[in-house]
Amino acid sequence: MTDRTYVLISPCRNEAAYMRRTLDSVVAQTETPSLWVIVDDGSTDGSMDILTEYAAKHDWIRIVSASDRGHRAVGPGVIDAFYAGLDTVSLENYAYLCKLDVDLDLPPRYFELLIERMETDPRLGTCSGKPYIRQDGKLISERRGDEMSVGMTKFYRRECFSDIGGFVREVMWDAIDCHKARQLGWIARSWDDPDLRFEHLRPMGSSQTSIYTGRRRHGFGQYFMGSDPLFFLATAIFRMTDRPYVLGGLATVRGYLGAWFRGEKQLDDPELRAFIRAYQRRALFKGKARAIAEQEAAKARAWSLSST
């Protein structure tokens with residue numbers, strides 16, 4: 001019998017406007033979580049009342065209170081809250097874990113299908129579905145690449161999470177982890193299948209101050225990760241076709257260049273930074289799909305040796 005135990009860990013701060021839909025969609029999952037740890041990171045909007053209500057109904061929901069930092073802190077703040085929850089868990093008791101945001105509406109077979117795909121491919125280390133946002137009454141794709149599991153629902157095989165050393169406590173943690181997994185021979189994926197599409201109730205980059213702040217933060221994160229300048233410019237141009245049109249992409253460029261001119265620190269893993277840039281340069285000339293396929297083929301032996 002396969003082990004389908006999984007634990008969800010959810011950072012939460014002032015999510016009362018969205019969280020009932022997330023809570024209801026997780027309760028309705030065909031593959032129920034073994035444990036769901038929700039970390040209240042100093043909410044002041046009634047989120048705790050809602051969490052207490054659901055925890056009283058479902059014994060697999062556990063609430064952890066983190067110290068109040070006084071404001072929403074994305075990037076490193078979210079990961080700090082995630083680890084406040086993970087520290088209460090004996091991870092060896094679970095086959096899978098997931099960092100799950102509480103501003104999502106998941107389809108009912110979401111976790112069942114992710115686990116099935118993990119069982120089919122033992123090299124698959126992290127995966128997710130695809131996020132959609134509602135605009136003018138229609139669901140619109142947030143256009144996330146197939147080579148990454150998305151940050152709102154990072155579903156991990158426990159062994160892969162351990163191998164990569166967990167999450168970096170900085171912006172772009174949700175891309176660095178996938179690159180690190182590939183460097184070690186694992187596969188990272190997301191799929192745009194109808195049963196894996198979920199609604200993101202809060203548009204990416206809009207959770208702190210303004211969407212422009214979020215875009216500048218993303219640009220800084222690309223610099224921190226060590227992204228190749230030409231590749232970053234290409235992605236910024238691509239994102240100019242998303243709302244807010246043009247200005248959002250320009251804000252990411254501002255964030256990247258500002259960090260560069262200030263001489264900000266970068267990820268303290270020179271080999272991984274070089275690995276990321278090598279992939280990005282191949283992707284510029286060959287396309288992402290082919291560049292990823294080449295990386296995965298080259299790292300197959302490394303994974304095979306590490307897993308024996």
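Values in this text are rule-based calculations from the coordinates and carry no lab data. Computed from a predicted structure; not experimentally measured. Note that each Cβ is placed from the backbone with ideal geometry, even for glycine, and that neighbours are counted across all protein chains shown.
Some observations on this one:
- Rg over Rh, two decimals, segment 211-262 (C-alpha only, Kirkwood Rh): 0.94
- Per residue convex hull volume, Cα atoms of segment 189-308, in Å³: 156 Å³
- Order by protection proxy (mean Cβ within 10 Å, highest first), peptides 146-153, 86-93: 146-153, 86-93
- Remark: segment 241-255, residue by residue, has Karplus-estimated 3J(HN,Hα) of 8, 9, 5, x, 4, 6, 5, x, x, 5, 5, 5, 4, 4, x Hz, where x stands for each Gly or Pro and the curve is 6.51 cos²θ - 1.76 cosθ + 1.60 at θ = phi - 60°.
- Residues with amide H under 5 Å from that of S149, placed H, sequence gap 5 or more: R189
- Equivalent ellipsoid, segment 63-168 (semi-axes from 5 times Cα gyration tensor eigenvalues, Å): 23, 22, 12
- Backbone geometry of segment 52-59 corresponds, through the Karplus equation with coefficients 6.51, -1.76 and 1.60 at θ = phi - 60°, to 3J(HN,Hα) couplings of 4, 4, 6, 5, 5, 8, 10, 6 Hz, x marking Gly and Pro.
- Cut-off under 5 Å, modelled amide H: who pairs with S10 long-range: V37, I38, V39, L100
- Pairs over the 31 Å Cα-Cα cut-off, from the set K180/K286; K99/K299; K138/K180: K138/K180.
- For segment 281-291, 3J(HN,Hα) per residue [Karplus equation, 6.51 cos²θ - 1.76 cosθ + 1.60, θ = phi - 60°, Hz, x = Gly/Pro]: 5, 5, 5, 4, 9, 10, x, 4, 4, 5, 4
- Charged-residue dipole, Cβ positions (Lys, Arg, Asp, Glu), segment 147-235 about Cα centre, Debye nearest 20: 300 debye
- Placing unit charges on the Cβ atoms of the charged side chains and taking the dipole of the chain about its Cα centre, the candidate lying farthest along the positive direction among L35, L23, L257 is L257.
- Here is the P(r) of the chain: all C-alpha pair distances, binned every 10 Å from 0, give 6, 27, 37, 24, 6, 0 in whole percents.
- Proximal charge balance of K154 [Cβ under 9 Å; K/R count +1, D/E count -1]: -1
- Sorted peptide list for 27-34, 11-18, criterion being average Cβ within 10 angstrom, highest first: 11-18, 27-34
- Computed over all pairs of different Cα atoms, the Kirkwood value for the hydrodynamic radius of segment 131-268 is 16.0 Å.
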